[in-house]
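Just below is one structure, and these are the notes that go with it.
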Amino acid sequence: MKLDRRGFLAAGAAAALLRPGVAQAVSPLNLGADAADRGIVFGSAFDREIFDDTAYAALLRAQCRIGSLENSLKFDWLKPTGNVADFSASDRLVDFAVESGIRPRGTALIWNDWLPDWLKWTTVLERRSIMEKHIDEVVGRYAGRVQSWDVVNEPFFPPHGIDGGYRKGLWLDAMGPDYIIHAFKRAAAADPKAQLVLNEAFCEQDDELGKSIRPLLLNEVKRLQDAGVKLDAIGFEAHLRPELPYDDQAFVAYVAEIAALGVDVMITELDVNDSHMPDDEAERDAQVAARVHDFLGAVLQVPRVTTVITWHLSDRYSWYRGADWYADQVRAGGGTPGRPVRSHLYDDQLQPKAAAFAARDALKASGPH
Ligand code: 9MR
């Protein structure tokens, strides 16, 4: 892997001299353009922090051609206390994206996790119409603007012990596995032009969990296709955990099998959990970069991998940051809890790290998509 650090410093210094007022947001990279050169769409998750953090907003604008609203289109964020949605934040975020040339993506339209308490007290009969109303109003509201939806998020979790390996939850309780089919059909009706995606976690891992989900997801694609569902793409999250086993070529073969069914493939939430890496920052940066480089280099061999989205562009807004379970992982990995997270492409000061250059190199080395 070639990390052009000297070139980066020189370019950064020159840019800072030219535009001293915005030096913090200047990056010598243009990941969106490098990806576009290969026919790949690059972007990141973002959310309400952009309302106050203009430097981060500028970085997103400079690097991203697609952006997932991290949370603000989720059921529990739109409807925390009852069946009436508050779109004030999501409207602003979608406006920001559209005005910035970032294609907005909605995530977790229907997800069995993270549902608000009030939904638990509804009957299974009520729940189907609540789901239909939700899809109609949310997808319908943003039709023509939010161009891509994770219609169903994380459908499988075999450790829950449910037949078929499905993730347990209120939607599954109400409709059985056909909640997935209903959700896709409803979303297609609400916005026939939107890209409809089934998003899944863990498949990249070559451990028992990842390998148990792969065939279930592959069969689900066939089941949805047989049911006449419009399924445009499969999303693989790729929250990579290098302390677990990986076999990137085995995963590539699996991704190719999915693509052969006639769907696109997206990497939807890329980051590298650094909890089991040493405290030394340079060492951690090198390990995170190597994982990004190897993973992207592998999956981008498949021409139908159309999109790469990171789960936040900067350590400043890492979802690992401050999480108790992450501190526990750091402790279990022999590290010092409380140390700053370095899981993303840009650091806390919004400067590109080795991982950003690794992503650039992998994108540039990729064939046409
Ligand atoms: O990063 C998100 C975090 O802020 C939320 O609290 C959490 C629950 O809504 O979701 C996180 O994002 C998840 C994504 O929606 C689905 N895949 C796993 C992501 C990280 O947990």
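What follows draws every value from the coordinates through simple rules; no lab data is involved. As the structure is a computational prediction, the values presented were derived from the model and not from experiment. So basically every Cβ, Gly included, is an ideal-geometry build from the backbone, and we count neighbours across all protein chains shown.
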Restraint check, Lys120/Lys185; Lys79/Lys168; Lys74/Lys364, Cα-Cα greater than 32 Å: Lys74/Lys364
Take the Cβ-Cβ distance between Asn83 and Thr336 as r, set R0 to 30 Å, and report the resulting FRET efficiency rounded to the nearest 0.05. 0.10
Proxy reagent accessibility, fewest Cβ within 10 Å first, across Lys211, Lys364, Lys185: Lys364, Lys211, Lys185
Can you tell me the length gained on complete extension of the stretch Asp280 to Arg48, counting 0.36 nm per residue apart and subtracting the Cα distance? 80.4 nm
Note to self: C-alpha centroids of the range 350-369 and the range 290-343 sit apart, in Å, by 15
Using a 7 Å offset from the Cα along the Cα-to-Cβ direction at both Leu209 and Ala256, what is the distance between the two label points in nm, to one decimal? 2.8
Which value, in Å³ per residue, describes the convex hull spanned by the Cα atoms of the chain? 135
A student asked for the Cα radius of gyration and Dmax of the range 258-331 in angstrom ought to give 14.8, 44
Principal axis dimensions, largest first and in whole angstrom, of the range 206-291 by Cα: 52, 22, 18
Using the count of nearby Cβ atoms within 10 Å as a rough guide to exposure, how do Met266, Met277 rank from fewest to most? Met277, Met266
Checked the range 76-221 against the a/c 1.5 cut and the a/b vs b/c comparison, axes a ≥ b ≥ c from its Cα gyration tensor; verdict oblate
With 10 angstrom as the radius, rank Arg105, Arg284, Arg65 by how many other C-beta atoms surround their C-beta, starting from the fewest. Arg65, Arg284, Arg105
Zone residues, the range 207-242, relative to Ala189, backbone N less than 19 Å from point 7 Å out along Cα-to-Cβ: 224-232
The chain, relative contact order [Cα under 8 Å, separation at least 6], %: 17
